[in-house]
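Okay, so here's the structure we're looking at.
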Amino acid sequence: MLHPCAPPVSRWLSAAPPAPDAAISHPAYQEALAEIYAYSAVPRSVAEQRADRPRKRERMRRLLALLGGPERAYASVLVAGTKGKGSTAALLASILRCAGLRVGRYTQPHLHTWRERTWLDGALITPEQVVSLWAEMRPALAAMETQVDTLGRLTTFEVGTALTLLHFARQAADLAVLEVGVGGRHDATNAVEPLLSVITPVSLDHQAVLGETLAEIAAEKAGVMRPGCPAILGPQPPEAARILEEQAARLGCPLQRVGTDWRWEPESNRAASGPFAVAGPNGVCFVDLSMPLVGRHQRDNATVAVAAAWALAHGGWQIGERAVRAGLCQVDWPGRMEVLARAPLLVVDGAHNGDSAARLRDALREAFRFERLWLVLGITDGKDLEGILSALAPLASGMIATRADHPRALDPRLIAAAAPGHILAVTDTVAAGLEVAWWLAAPDDLICVTGSLFVVGEAIQAGYRRLGGAAG
């Protein structure tokens with residue numbers, strides 16, 4: 001229950017979020033979803049994950065072959081990287097859709113419903129489509145069970161990826177923008193043969209599986225490049241850039257880099273949220289661009305997407321300036337520096353490692369004016385808690401440690417123990433953490449919910465239930 005002295009809240013700014021899977025009354029969909037999740041029901045050790053990685057791509061190729069090669073029915077773009085790959089995929093898909101193409105987009109994880117991962121021409125896959133496709137896949141899945149000894153067992157991510165690729169084929173997509181999962185070289189998405197590869201900024205993440213250094217991680221990401229096919233690189237640290245550029249040279253990939261070949265510049269004193277211009281090679285320039293995504297890092301992502309769209313245009317796809325402009329302006333990508341309410345401001349962002357938390361910190365400072373910041377933080381076990389706290393705790397007037405309703409959520413008491421001078425409350429649900437923040441916040445304050453997309457998704461649902469019908 002909200003404290004009686006809590007300040008009044010204003011109207012919810014966003015549209016109603018999709019219903020979470022648990023609220024979808026469709027028994028056959030729930031059965032299919034349970035079967036999909038069952039593929040990864042037994043946790044695997046890091047050693048087991050590392051040992052299995054070299055088999056993942058071949059396993060996925062075999063499954064797709066049994067399904068008739070749906071990925072060959074349309075062109076694809078792979079988007080790998082550590083930071084910003086989901087946002088970049090969303091921005092590029094929006095541009096392509098505004099160019100009149102029938103575009104599929106595959107991203108992960110989801111905020112509310114598993115269906116968000118599979119987006120086609122502006123709409124999520126429906127429960128009925130999931131049920132139908134899953135039934136179509138069952139014979140191929142059964143055949144894969146006979147090859148476990150040589151190829152290993154399929155995972156939830158792999159069967160979900162296959163279902164998405166099959167959906168795009170059945171719905172006659174022209175082009176698919178596919179966000180790579182972990183790494184690149186061995187990822188299930190890399191069973192696809194892309195006509196363009198995009199690699200957003202590389203940083204330290206998933207070190208136990210991908211490697212301890214930036215060079216090792218970059219080498220995994222570089223695995224999405226193909227001989228002779230163009231590649232776009234987002235801004236990279238020098239160690240990662242060297243590895244990626246060397247691989248592009250070995251494969252003969254025409255390479256364009258954001259930061260050198262492509263750049264963006266602000267067109268007002270609001271660099272994190274105002275209009276901006278993007279300039280590329282040979283005098284290509286787009287001015288007075290705008291988009292709803294906030295932060296300098298999102299302008300980096302937008303520049304990567306523009307460079308990718310322009311590379312596709314040079315490859316014969318009809319993508320003009322109007323599509324670039326409209327696509328950036330119309331992109332819908334919730335949970336990333338998203339403003340949900342005002343008085344107090346409520347901002348959610350899925351920052352889940354030290355680098356992304358630092359970008360969030362900088363964006364909060366530059367894009368908003370507020371008296372105090374109240375941080376609601378929950379992270380996934382194994383993520384960089386120290387790095388996240390180092391970036392965000394000094395900016396906050398106080399923190400509420402919480403957890404998502406997810407099996408890999410870190411115990412919030414461990415978050416509290418790591419930041420004893422900052423923690424004001426510990427809650428077992430995101431909704432309860434948000435209530436504490438509303439009790440603390442005055443109208444001129446800012447509440448930021450972050451640490452993982454699982455936490456953000458629950459915050460959006462809780463906030464909408466609390467504020468969606470409130471008077472402004």
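Every number here is computed from the coordinates shown, using simple stated rules; none is lab data. Computed from a predicted structure; not experimentally measured. When we count neighbours, we look across all protein chains shown, and the Cβ atoms used for this are built from the backbone with ideal geometry, even at glycine.
Between the alpha-carbon centres of the stretch 308-332 and the stretch 213-282 there is a gap of 18 Å. Which value in nm describes the separation of the simple spin-label points at L251 and T126, placed 7 Å from the Cα toward the beta carbon? Reported label-point gap for L251 and T126 is 3.8 nm.
Centre-to-centre, using Cα atoms only, the stretch 342-399 and the stretch 412-427 are separated by 14 Å. The dipole here belongs to the stretch 98-175: it is taken about the Cα centre, uses +1 on the Cβ of Lys and Arg and -1 on the Cβ of Asp and Glu, and is about 140 debye.
Rounded to the nearest 20, the size of the Cβ-charge dipole of the chain about its Cα centre is 520 debye, with Lys and Arg at +1 and Asp and Glu at -1. Residue order for T156, T402, fewest other beta carbons within 10 angstrom first, comes to T156, T402. Computed as a quarter of the hull surface, the mean projected area of the alpha carbon convex hull for the stretch 339-410 stands at 4.9 nm².
So for I319, I36, I400, fewest C-beta neighbours within 10 Å to most, what's the order? Write out the running numbers ahead of the final one.
Numbers: I319 24, I36 18, I400 29.
In increasing order of surrounding Cβ atoms, one gets I36, I319, I400.
Determine the shape class of the stretch 338-467: with a ≥ b ≥ c the square roots of the Cα gyration tensor eigenvalues, call it rounded for a/c under 1.5, and otherwise prolate if a/b is greater than b/c, oblate otherwise. It comes out rounded by the Cα gyration axes. Taking all Cα pairs closer than 8 Å and separated by 6 or more residues, the relative contact order of the chain comes to 19 percent.
Could you work out [θ]222 nm for the chain from helices alone, using -39500 (n - 2.57) per DSSP H run of at least four and dividing by all its residues? Round to the nearest 500 deg cm²/dmol. It would help to have the intermediate numbers written out before the result.
Details: 16 runs with 195 residues, N = 472.
It comes out at -13000 deg cm²/dmol, rounded to the nearest 500.
Each residue, L13 and V42, gets one label point 7 Å from its Cα in the Cβ direction; the gap between the two is 4.8 nm. Selection among T429, A357, A417 by position relative to the dipole of the stretch 338-467 gives T429 as farthest towards the positive end (Cβ unit charges, Cα centre).
Computing Rg and the Kirkwood Rh from the Cα coordinates of the chain gives a ratio, Rg/Rh, of 0.95. Summing Cβ point charges (Lys, Arg +1; Asp, Glu -1) relative to the Cα centre of the stretch 338-467 gives a dipole of roughly 160 debye. For the chain, the number of Lys pairs separated by eight or more positions or lying on different chains, with C-alpha atoms closer than 17 Å, is 4.
Compute the Cα gyration tensor for the stretch 190-315, then decide on rounded, prolate or oblate, letting a ≥ b ≥ c be the square roots of its eigenvalues: rounded whenever a/c is under 1.5, prolate when a/b is larger than b/c in the other cases, and oblate in all that remain. If you can, show how the numbers build up before the last one.
Numbers: a/c = 2.24, a/b = 1.43, b/c = 1.57.
Note, shape of the stretch 190-315 comes out oblate.
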